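Novice: Once you've had a glance at the structure underneath, I'll fire off some questions.
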Amino acid sequence: MGKVIVVTSGKGGVGKTTSSAALGAALAQGGDKVVVVDFDVGLRNLDLVMGAERRVVYDLVNVIQGEAKLTQALIRDKRVETLYLLPASQTRDKDNLTTEGVAAVIGALKANFDWVICDSPAGIERGATLAMRHADVAIVVTNPEVSSVRDSDRIIGLLDSKTLKAENGERMEKHLLLTRYDPLRAERGDMLKVDDVLEILSIPLLGIIPESMDVLRASNIGSPVTLADQGSAPAIAYFDAVRRLKGEQLPVTVPGEKRGFFGKFFGRKAA
Amino acid sequence: MSMNLFRLFSRPRSAPAARERLQVLLAHERAATGGDADLLGKLRDEILRAISKHMQIDDDKVSVRMERGAQVSTLAVDIEVPFDAGKKAA
């Protein structure tokens, strides 16, 4: 049985989709069988970020409504053969996502994949609560910025009350993924510190992803950053996050720390 | 370090790729929502309907692939037709 992970945040634009694609690709690059599911019905973008936008035949809503088989809707990545995408519908309403339908799809995916990564839409409405409903593990994506931290706190509350795990009296495993971290702004003292965010949200840290041109470039060309540029700082951060997700004890490094101006540009080589 | 420097300046710009991908995608999406329904999707559905008239379609034996391009799109419907398929049809 595979593990179901929800990538969520409450706030939009913090890097859920980018992170879902990068984490999914990093896991698949390690040989695991991975499917990344887009729950943002009506505003899908995971297909675009993963470079599969021209190949969408059927989507999650088609499968739930019985118009297509799950196997027909899955899109296999052209670069990593153990990586799959289940796109969201672009034209249908999110009310087409039924609780039973989502349960059936997640159940089938769990039986066939090592990891089922659910890319949640922003907000706290139906799409977001359905994306988190069957999760075994939650990754809360947060920017070091006041409104993002506040929304993350709200989402953590939902993870502890509105999920199947919570309803069964079990504890939801939650991890914080700090994204768009800017070492220069941190150095100037104009950004919330990592420790501040951790203290406020009090969930363990999965990784710190630096704000980077490499992430933008990767989206532009339709490739998860772990595939687009394996040696880049954000890619290394995602690879490390995946190792921690798999249980490895690995100290979290703060991007740019103890490195001067040039160190920022000529980052360390890939391991 | 010199390798990284080289990499930094030799990489092709990514913005043109983003622009081209968006143009193709949005052209298809606008056509699909502007009443002029997605031709590729329509063809897909009608082909599958036509086939189901002559044989029972086992969903797992059918693979449909599409690729939307700027000038041309492709639709590939791959169907395993069993030897006695005709007899099973209603």
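The values are calculated or read from the model by the stated rules, or taken from the named source; none is laboratory data. Small disclaimer: the values here were computed from a predicted structure and weren't measured. Cβ sites come from the backbone with ideal geometry, for glycine too, and all protein chains shown count toward neighbours. Each accessible area value is taken on the protein alone, full model and side chains, heavy atoms only, with ligands, DNA and RNA left out. Shrake-Rupley method; radii C 1.70, N 1.55, O 1.52, S 1.80 Å.
Novice: When the Debye formula is applied to the Cα atoms of the stretch A:42-129, each taken as the same point scatterer, what base-10 log of I(q)/I(0) results at q = 0.19 Å⁻¹?
Specialist: Result of the Debye calculation: -0.90.
Novice: Calculate, axis by axis, the spread of Cα positions in the stretch A:71-113 along the three principal axes, and write the results as whole Å, longest axis first.
Specialist: 33, 25, 12
Novice: What does the structure give for A:46-58 when I average, per residue, the other chain Cβ atoms found within 10 Å of the residue Cβ?
Specialist: That average works out to 4.
Novice: Over all residues in A:152-164, what is the mean tally of Cβ atoms on other chains that come within 10 Å of each residue's Cβ?
Specialist: Whole-number average of other-chain Cβ neighbours for A:152-164 is 0.
Novice: Magnitude of the Cβ-charge dipole of the protein assembly as shown, K/R +1 and D/E -1, about the Cα centre, nearest 20 debye?
Specialist: 840
Novice: Please give the Cα centre distance for the stretch A:1-19 versus the stretch A:147-204, rounded to the nearest Å.
Specialist: Cα centroid to Cα centroid, the span is 12 Å.
Novice: Continuing with the same structure: Of A:G10, A:L27, A:V41, whose Cα points farthest to the positive end of the dipole of the stretch A:9-48 (charges on the beta-carbon: +1 Lys, Arg; -1 Asp, Glu; origin at the Cα centre)?
Specialist: A:G10
Novice: For the peptides A:100-108, A:213-221, B:74-82, what is the packing order when you average, over each peptide's residues, the other Cβ atoms within 10 Å and list the highest mean first?
Specialist: In decreasing order of mean packing, A:100-108, A:213-221, B:74-82 become A:213-221, A:100-108, B:74-82.
Novice: Helix-only mean residue ellipticity at 222 nm, the protein assembly as shown, DSSP H runs n ≥ 4 weighted -39,500 (n - 2.57), per residue, nearest 500. What is it?
Specialist: Roughly -12500 deg cm²/dmol at 222 nm, from the helical runs in the protein assembly as shown.
Novice: At q = 0.17, 0.31, 0.32 Å⁻¹, what is the base-10 log of I(q)/I(0) for the stretch A:28-71 according to the Debye formula with one equal point scatterer per Cα and no solvent? Please give it to two decimals.
Specialist: Debye intensities relative to I(0), on a log10 scale: -0.57, -1.20, -1.21.
Novice: Under the Karplus relation 6.51 cos²θ - 1.76 cosθ + 1.60, θ = phi - 60°, what is the ordered set of whole-Hz ³J(HN,Hα) values for the stretch B:19-28, x standing for Gly and Pro?
Specialist: 4, 5, 5, 5, 4, 5, 4, 5, 4, 5
Novice: Continuing with the same structure: Where a ≥ b ≥ c are the square roots of the eigenvalues of the C-alpha gyration tensor, would you call the stretch A:1-65 rounded, which needs a/c under 1.5, or, failing that, prolate if a/b is larger than b/c, or oblate?
Specialist: Rounded.
Novice: Of the accessible area of the protein assembly as shown, with the probe set at 1.4 angstrom, what percent is carbon plus sulfur?
Specialist: Solvent-exposed carbon and sulfur of the protein assembly as shown make up 53 percent of the total.
Novice: Let me ask something else. For the pair A and B, how large is the buried accessible area, both sides, in square angstrom to the nearest 100, if the probe is 1.4 Å?
Specialist: 2500
Novice: If the only charges are +1 at each Lys and Arg Cβ and -1 at each Asp and Glu Cβ, what is the size of the charge dipole of the stretch A:117-247 around the Cα centre, to the nearest 20 debye?
Specialist: So the dipole magnitude of the stretch A:117-247 works out to roughly 280 debye.
Novice: From the convex hull of the Cα coordinates of the stretch A:83-198, what is the mean projected area in square nanometres?
Specialist: That works out to 9.0 nm², a quarter of the Cα hull's surface.
Novice: Work out how far the C-alpha atoms of chain A reach from end to end along every principal axis, then list the three figures in whole Å, largest first.
Specialist: 56, 40, 32
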